[in-house]
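What follows is a single structure, written as structure tokens, with notes after it.
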Amino acid sequence: MDTMRDRFAPVVSRLLDEDPRVAVVLAEIGKDAFHEAIARHPERVVNVGIREQLLVGAAAGMALTGLRPVVHTFASFLVERPFEQVKLDFGHQGTGAVLVSAAASFDWPAGGFTHMAPGDVALMDTLDGWTVHVPGHPDEAETLLRHAVAAGDDRVYVRLSVQSNRRALPVDGERFLTVREGRAGVVLAVGPLLDAVLEATEGMDATVLYATTVRPFDAAGLRRAAGAAGTDVVLVEPYLAGTSTAAVNDALADLPHRVLGLGVGRRELRRYGTVEEHTAAHGLDARSLRERIGGFLGARAGV
């Protein structure tokens with residue numbers, strides 16, 4: 001199966017052909033995948049070199065002229081390094097773009113911590129007006145990319161990962177999906193962690209929700225699930241643990257509730273290892289998740 005990033009360039013290349021507003025801005029990374037698109041649309045596929053602040057600034061300038069820029073590089077270079085430009089050139093100027101990242105929290109462990117961005121969604125959450133998509137399968141990535149590009153002049157962040165669930169679900173870019181129903185708590189699985197959560201909660205009397213769009217947060221969907229399953233909520237996110245805890249608290253502010261936020265820990269893991277080893281070290285593999293979720297939901301969930 002191809003990865004989300006394998007799907008990215010062909011989809012956006014087709015969008016370049018279909019929509020004269022679409023432009024692509026790169027900073028060396030990923031340029032080879034757009035070789036044919038550059039030949040067809042040299043004025044709308046721009047590689048600024050290894051200059052991430054310029055990457056964002058140039059995209060914002062294109063947006064001011066009426067284009068719909070799609071901006072791509074690794075998450076640490078797209079969100080963290082040029083964060084001031086993201087904040088000012090898009091937010092302060094009121095422009096929009098589609099930021100599409102790769103490498104996620106630890107997709108390329110051999111690259112070291114400079115190429116990891118477990119805090120990217122939490123950082124984007126400090127800004128107003130951004131939609132954040134976290135697909136869990138290449139088909140979902142294609143759907144959400146098309147949603148993002150078609151979203152007028154909105155500001156959208158699409159987080160791609162090599163981690164993937166086995167099958168795609170019919171995501172709509174707005175609502176959480178109910179994958180399993182129970183009566184002893186809600187487990188909200190984000191993006192590529194759904195398969196691990198389903199394995200971890202097998203036999204538990206818990207509702208499993210699936211989120212591929214985390215901002216705006218589907219508060220109404222969570223409240224509906226909690227109305228039937230109770231207000232013990234476990235978040236399982238493929239980035240910094242607790243990133244969406246405040247959103248859950250806001251959604252259930254008028255109800256007594258408990259929240260457990262699971263995700264990537266703050267401690268830097270300094271050995272390169274593999275994606276699977278990093279996943280296990282952060283307690284995001286199915287065995288660890290079963291222990292942590294079961295310990296939180298307790299006997300009511302049939303643990």
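The values are calculated or read from the model by the stated rules, or taken from the named source; none is laboratory data. Only a predicted model underlies this, so the values are computations on that prediction, with no experimental measurement involved. Positions of Cβ are backbone-derived with ideal geometry, glycine not excepted, and every protein chain shown enters the neighbour counts. To get the accessible areas, we keep the full protein, side chains included, count just its heavy atoms, and leave off ligands, DNA and RNA. Shrake-Rupley method; radii C 1.70, N 1.55, O 1.52, S 1.80 Å.
Descriptive notes on the structure:
- Relative protection proxy for 143-150, 287-294, from highest mean packing down: 143-150, 287-294 (other beta-carbon atoms within 10 angstrom).
- Shape of the range 4-159, Cα gyration tensor, a/c cut at 1.5: rounded
- Whole-angstrom gap from the range 191-232 to the range 1-74, using each part's C-alpha centre: 34
- Counting all C-alpha pairs of the range 114-246, share separated by more than 22 Å (%): 34
- Note on the range 48-119: Rg/Rh from C-alpha atoms, Kirkwood Rh, equals 1.00.
- Accessible area per residue in Å² at 1.4 Å probe, computed on the chain: 42
- DSSP bridge pairs, the chain: antiparallel proportion in percent, nearest 5: 10
- Burial ranking of peptide ranges 122-134, 93-105 (average Cβ count within 10 Å, highest at the top): 93-105, 122-134
- Packing order of peptides 269-278, 27-36, 61-70, highest average first: 61-70, 27-36, 269-278 (average count of other Cβ atoms within 10 Å over each peptide's residues).
- Considering every alpha-carbon pair of the range 177-301, the percent of pairs per 5 Å bin, from zero through the bin containing the longest distance, is 2, 11, 24, 25, 20, 11, 5, 2, 0.
- Carbon + sulfur, % of accessible area of the chain - ligands and nucleic acids excluded, 1.4 Å: 51
- Amide hydrogen proximity for Tyr239: with H placed 1.01 Å from N in the peptide plane, the residues at 5 or more positions away or on another chain lying under 5 Å are Val264.
- Whole-number D in µm²/s for the chain (Stokes-Einstein; Kirkwood sum over Cα pairs; 4 °C, 1.567 mPa s): 66
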